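The values are calculated or read from the model by the stated rules, or taken from the named source; none is laboratory data. Predicted model, so just to flag it, every value in this text is computed and none were measured. Because the Cβ atoms are built from the backbone with ideal geometry, glycine has one as well, and the counts that use them run over all protein chains shown. Areas reflect the complete protein model, heavy atoms only, side chains present, ligands, DNA and RNA absent. Shrake-Rupley method; radii C 1.70, N 1.55, O 1.52, S 1.80 Å.
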Amino acid sequence: MSTVSDVPLVDRVADLRTAVDAVRRQGGSVGLVPTMGYLHKGHQSLVIRSATDNDLTVVSIFVNPLQFAEGEDYGTYPRDLDRDMEMCAAAGAGLVFAPVTEEMYSQTPITSVTVKGLNAVLEGRVRPTHFDGVATVVAKLFSMLGPGRAYFGEKDYQQLVVIRRMAADLSLPVEVVGCPTFRESDGLALSSRNVYLSPEERPAASVLWRSLQAGRDAVAEGSRNPDEVEAVMAAVLAAEPKASPEYAAAVDAATLARPDVLGGELRLLVAARVGQARLIDNLGVDCDRL
Ligand code: AMP
């Protein structure tokens, strides 16, 4: 175990368990914030929430190869552990778990967690193996430390729905807590991948937020036709020359199914490429409280 910025850093599961068990033996509660590192204020908001709710907050930092497909940015995903340690300390983390790949996957796993259906829509259409990789690594992290609560950002809304369903289906003894998306002043959701945006591309990236707001406005003005709302969002994305839109969807917030008529709690979700960055964002709309 080494210590940077007063927060212990462990890279071995055995050391992680020793530290977490010591807290639990004293009756303390443990919260987990799983991340891929290169932390920003969005990640910190999850850590702050966990530190408020729990006696010990563990931040895991692991760029999980299982959730990247061939040709995606696994090799180039930004990494800066020293800076991450500072940010964890500032937000109130009690322990950082940053395993190496050989520790997480000492042999090639032949067991995988598949959250059927939810893994195949929206992001799953573009990234068909992604959510199996996410669910599998999160299940492993839950097994490794046994958190009472785990914190996920609404920024990756489909991921949150997948993890909630996995925890429910497998009766995992963990409360999955969803946390609001932290945004820049122009609405761009903070993301480690925003570093791929050039200064010229950066203003264009707010188009995702503008598109979501236009979708919400359409619902607020009375549209209950998903085609119509999706067309409004897609038109905003298409009007930004620096963006290549991937999808604009209006779905049921709990099931991610596309209703014939919009009603109840919805989630609007968009994805687009801006330069080298593939960006996603989403917004909740409650049709009964507009
Ligand atoms: P990542 O490191 O991108 O895998 O993200 C780790 C966790 O932080 C996930 O639960 C994300 O949803 C969450 N997260 C990422 N960006 C934000 C943001 N802008 N606001 C809130 N949570 C976020």
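I need the Kirkwood Rh of the chain: take the reciprocal of the average 1/r across all distinct C-alpha pairs and report it in angstrom.
Numbers: mean 1/r = 0.0504 Å⁻¹.
Evaluated over the chain, this radius sits at 19.8 Å.
With Cβ to Cβ distances under 11 Å as the rule, what net charge do the other residues near SER223 carry (K, R +1; D, E -1)?
Working: positive: ARG216, ARG224; negative: ASP217, GLU221, ASP227, GLU228, GLU230.
With Lys, Arg at +1 and Asp, Glu at -1, the net is -3.
Can you list which of the GluC sites (Glu not before Pro) found in segment 58-164 are DSSP loop residues with at most 15 other C-beta atoms within 10 Å?
Working: sites: GLU70, GLU72, GLU86, GLU102, GLU103, GLU123, GLU154; in loops: GLU70, GLU72.
Here the GluC sites (Glu not before Pro) that fit, given the DSSP loop and packing criteria, are GLU70, GLU72.
Explain nothing, just the number: relative contact order of the chain, from Cα pairs under 8 Å at least 6 residues apart, as a whole percent.
Values: 541 pairs, mean separation 45.4, N = 290.
Computed value for the chain: 16 percent relative contact order.
Pairwise over distinct Cα atoms, reciprocal of the mean inverse distance: report the Kirkwood radius of segment 192-283 in Å, one decimal place. Before the final figure, lay out each step's value.
Values: mean 1/r = 0.0752 Å⁻¹.
Its Kirkwood hydrodynamic radius stands at 13.3 Å.
Quick one: ranking ASP169, ASP281 by accessible area, 1.4 Å probe, largest first, what do you get?
Numbers: ASP169 95, ASP281 5 Å².
Ranked from most to least accessible, the order is ASP169, ASP281.
Just to confirm the filter: which GluC sites (Glu not before Pro) across segment 190-290 are DSSP coil and have at most 10 other Cβ within 10 angstrom of their Cβ?
Working: sites: GLU200, GLU201, GLU221, GLU228, GLU230, GLU246, GLU265; in loops: GLU200, GLU201, GLU221.
Taking segment 190-290 and a limit of 10 other Cβ atoms within 10 Å, the loop GluC sites (Glu not before Pro) found are GLU200, GLU221.
Loop sites only, by DSSP: take the trypsin sites (Lys or Arg not before Pro) in the chain that have at most 16 other C-beta atoms within 10 Å and name the longest stretch containing none of them. Provide the component values of the computation, followed by the final result.
On the way: sites that count: ARG12, ARG79, LYS116, ARG224.
Formally, the longest exposed-site-free interval is 117-223.
For segment 125-227, what relative contact order do you get, as a whole percent, if you take Cα pairs closer than 8 Å and at least 6 residues apart?
Once divided by the residue count of segment 125-227, the mean separation gives 21 percent.
Got a sec? Charge dipole of segment 2-179, +1 on Cβ for Lys and Arg, -1 for Asp and Glu; which of SER60, TYR38, VAL126 is way out at the positive end?
VAL126
For labels at TYR105 and ARG258 in the simple 7 Å Cα→Cβ model, what's the distance in nm?
3.2 nm
Write down the accessible area per residue of the chain in Å², having rolled a 1.4 Å probe over the full set of protein chains.
Values: 13330 Å² over 290 residues.
Ligands and nucleic acids excluded, the result is 46 Å² per residue.
Highest GNM mean-square fluctuation, the chain, Cα pairs closer than 10 Å: which of VAL126, VAL270, VAL162?
VAL126
What 222 nm value per residue comes from the helices of the chain, counting each DSSP H run with n ≥ 4 as -39,500 (n - 2.57) and dividing by all residues, nearest 500 deg cm²/dmol? Present the calculation step by step, with values, prior to reporting the outcome.
Details: 9 runs with 101 residues, N = 290.
Helix-only estimate at 222 nm: -10500 deg cm²/dmol.
What angle, in degrees between 0 and 90 and rounded to the nearest 10, separates the Cα long axis of helix 81-91 from the longest principal axis of the Cα atoms of the chain?
Between the helix axis and the principal axis of the chain, the angle is about 80 degrees.
For segment 2-179, give the percent of accessible area contributed by carbon and sulfur heavy atoms, probe 1.4 Å, rounded to a whole number.
Working: 4020 of 8080 Å².
That share works out to 50 percent.
Distance from a point 7 Å along Cα→Cβ of GLU228 to each backbone N in segment 259-289: keep the residues under 14 Å and list them by number.
260-263
Just need the relative contact order of segment 170-290 here, percent rounded to a whole number, with Cα pairs under 8 Å and 6+ apart. The partial results should precede the final answer.
Details: 202 pairs, mean separation 29.6, N = 121.
Value for segment 170-290: 24 percent.
Can you return the aspartates and glutamates within cross-link range of LYS140? Criterion is Cα-Cα under 16 Å, with same-chain partners fewer than 8 residues away left out.
Answer for LYS140, where 16 Å is the Cα cut-off: ASP11, ASP15, GLU102, GLU103, ASP132, ASP169, GLU175, listed by chain and number.
With all protein chains present, how much of the accessible area of segment 195-290 (probe radius 1.4 Å) comes from carbon and sulfur, to the nearest whole percent? If you can, show how the numbers build up before the last one.
Details: 2190 of 4410 Å².
The nonpolar share, carbon plus sulfur, comes to 50 percent.
Restricting the count to DSSP beta bridges whose residues both fall in the chain, what percent are antiparallel, rounded to a multiple of 5? Before the final figure, lay out the partial values.
Details: 23 of 41 bridges.
Antiparallel: roughly 55 percent of the beta bridges in the chain.
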